[in-house]
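The values are calculated or read from the model by the stated rules, or taken from the named source; none is laboratory data. As the structure is a computational prediction, the values presented were derived from the model and not from experiment. Backbone-built Cβ (ideal geometry, glycine too); neighbour counts: all protein chains shown.
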Amino acid sequence: MSRTEGRNLRVILYEGPGSTPLDDGDRYQVLSSLLDNGFEVTRPVAGQEVAPPDDAPVLVLGLLDGEPLVAEDHEVHFRDLAQVNALDAAREVRKATGARTLDAWKPWFPVIDFDRCTNCMQCLTFCLFDVYGVDTEQKITVQNQDNCKTDCPACSRVCPEVAILFPKYAKGPINGDEVRDQDIQREAMKVDISTLLGGDLYGSLRTRQSEARKRFSTERDESKALLERKRCLGKLKKELDIPDEVLMTLPSADDIEERAARARTKLAKRQARSQTVKDARPAPSEAEWGI
Amino acid sequence: MKILYCNCTYAKVVPKDVKQDVLRQLSDSGRAFDAVADLCDMSARKDPALKKIADGGCTKIVACYPRAVKWLFHAAGTPLPDEGIDVLNMRVDSAEHVVKELLV
């Protein structure tokens with residue numbers, strides 16, 4: 001199961017009829033420990049609204065005199081807090097129901113602000129880890145969140161519209177804070193990959209690779225090559241705030257070439273499809289032209 | 001008016017004292033609420049529970065930046081309605097301010 005699959009156990013903290021209300025301190029402790037361990041908790045109160053049940057497994061916790069009435073079409077488990085520890089009970093029921101067990105993952109992935117996005121596909125072209133894709137309407141989408149490298153906000157730094165958020169990033173506007181004029185103007189934000197790498201990205205990589213091969217074959221100087229790589233990686237790290245761990249996992253030049261070829265093919269197909277749709281569309285009638 | 005509290009469990013971007021203070025006062029308030037470990041995590045999983053929240057009418061969401069919350073729901077395929085949603089930001093506002101807005 002991937003990190004983004006499965007259902008969480010929903011815990012209902014029950015204090016209604018047929019139970020004894022918890023002390024304020026106890027209630028807070030239960031809530032806090034459950035949330036800190038990845039559980040979702042609902043505290044229902046008579047006459048007030050909470051989210052309706054869905055198909056997630058449910059655990060009812062409380063100082064229960066008996067089992068409260070619940071809908072019969074849901075998988076519901078009951079545990080009495082007079083007899084069990086809330087967190088232990090939640091873990092036990094989670095295991096029994098096959099609900100999602102969390103590793104300590106940080107949900108790190110790009111979120112697109114479609115009020116700003118112009119569908120320029122720069123993020124799709126830039127990301128080397130196939131996080132982005134296009135949907136059936138040829139609109140940019142985040143399709144492989146799992147592939148995103150934790151703490152790497154690089155794609156948001158190359159987005160010319162400041163349309164990519166990482167809600168867990170420290171600074172605005174990447175963290176979702178309002179986008180101000182100065183953010184768009186700010187040089188650090190408006191990084192142009194082509195400029196960064198000196199012109200056409202893939203052309204530049206090809207030239208660099210070819211030059212490196214020539215140089216390598218004549219000089220055989222591995223230390224120079226390593227210095228060059230270190231220099232380039234340092235530049236990427238500084239300009240785009242890419243963590244070291246991500247730089248260490250960057251694909252090889254051959255992988256990048258292969259990916260670029262795939263991206264070019266995809267783009268060509270997309271353009272061809274778009275042209276076909278335009279060609280297939282009947283010419284406007286005189287009435288449509290208002291003649 | 002429903003209440004949804006996000007604990008932002010998997011990152012340390014929301015000040016811990018603000019989170020704890022808001023949760024404690026919400027817990028003591030006698031109000032019904034839903035609390036989730038992490039909205040980002042739910043968005044990544046396209047958790048159906050988000051749809052129940054998004055479709056459920058007027059809601060106060062206690063989390064982080066409103067722009068982030070809006071597009072997290074959208075990313076999960078359950079966009080929030082244009083009206084009736086009030087997002088309170090624990091990343092920048094004090095617990096006192098959040099609780100005042102939340103429990104009015």
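Scanning the stretch B:24-41 for residues that are facing chain A (nearest Cβ under 7 Å) and more than 12 Å from B:CYS8 (Cα to Cα) returns B:ARG24, B:SER27, B:ASP28, B:GLY30, B:ARG31, B:ALA32, B:PHE33, B:ASP34.
Tallying residues that are more than 8 Å from chain A (Cβ to nearest Cβ) and within 14 Å of the chain's Cα centre (by Cα) within the stretch B:71-84 yields 3. Of the helices (runs of 4 or more DSSP H) entirely within the stretch A:77-177, those holding at least 3 residues that are surrounded by 15 or more Cβ atoms within 10 Å (Cβ to Cβ) and modelled with pLDDT of 95 or more occupy A:86-97.
Among the residues in the stretch B:51-61, are any closer than 20 Å to A:LEU165 by Cβ and either more than 14 Å from the chain's Cα centre (by Cα) or surrounded by 22 or more Cβ atoms within 10 Å (Cβ to Cβ) (or both)? Within the stretch B:51-61, one or more residues are closer than 20 Å to A:LEU165 by Cβ and either more than 14 Å from the chain's Cα centre (by Cα) or surrounded by 22 or more Cβ atoms within 10 Å (Cβ to Cβ) (or both). Looking across the stretch A:16-28, the residues that are at pLDDT 95 or above and closer than 16 Å to A:THR42 by Cα come down to A:PRO21, A:LEU22, A:ASP24, A:ASP26, A:ARG27, A:TYR28. The residues listed here are B:ARG45, B:ARG91; of these, the one that is within 9 Å of another protein chain (Cβ to nearest Cβ), at pLDDT 95 or above and out of contact with any Lys or Arg (no Cβ under 7 Å at 6 or more places or on another chain) is B:ARG91. For the stretch B:95-104, indicate whether the set of residues that are more than 8 Å from chain A (Cβ to nearest Cβ), under 26 Å from A:ASP55 (Cα atoms) and either assigned to a helix (DSSP H, G or I) or within 14 Å of the chain's Cα centre (by Cα) (or both) is non-empty. Looking for residues that are more than 8 Å from chain A (Cβ to nearest Cβ), under 26 Å from A:ASP55 (Cα atoms) and either assigned to a helix (DSSP H, G or I) or within 14 Å of the chain's Cα centre (by Cα) (or both), one finds none in the stretch B:95-104, hence no. Considered as a group, the residues in the stretch A:25-40 that are within 7 Å of chain B (Cβ to nearest Cβ) and under 27 Å from the mean Cα position of the chain (by Cα) include one that is surrounded by the fewest Cβ atoms within 10 Å (Cβ to Cβ), and that residue is A:ASP36.
A:LEU22 - would you say it is under 22 Å from A:ALA99 (Cα atoms) and not acidic (Asp, Glu)? Spelling it out, it is not the case that A:LEU22 is under 22 Å from A:ALA99 (Cα atoms) and not acidic (Asp, Glu).
Here A:LEU63 passes the criteria (1) more than 13 Å from A:GLY16 (Cα to Cα); (2) modelled with pLDDT of 95 or more except the one numbered (1).
Contact annotation: residue pairs with Cβ atoms under 6 Å, 6 or more positions apart or on different chains, pairing a residue in the stretch A:41-63 that is within 7 Å of chain B (Cβ to nearest Cβ) with a partner that is among the hydrophobic types (A, V, I, L, M, F, W, C) and part of a strand (DSSP E or B), are A:VAL41/A:VAL11; A:VAL41/A:LEU13; A:VAL41/B:ALA35; A:THR42/A:ILE12; A:ARG43/A:LEU13; A:ARG43/B:PHE33.
Looking at this structure, is A:VAL93 touching a His at 6+ places or on another chain (Cβ under 7 Å) and away from every other protein chain (no Cβ under 14 Å)? Before you say what the answer is, go through the steps one by one.
Working: touching a His at 6+ places or on another chain (Cβ under 7 Å): yes; away from every other protein chain (no Cβ under 14 Å): yes.
Yes: the conditions hold for A:VAL93.
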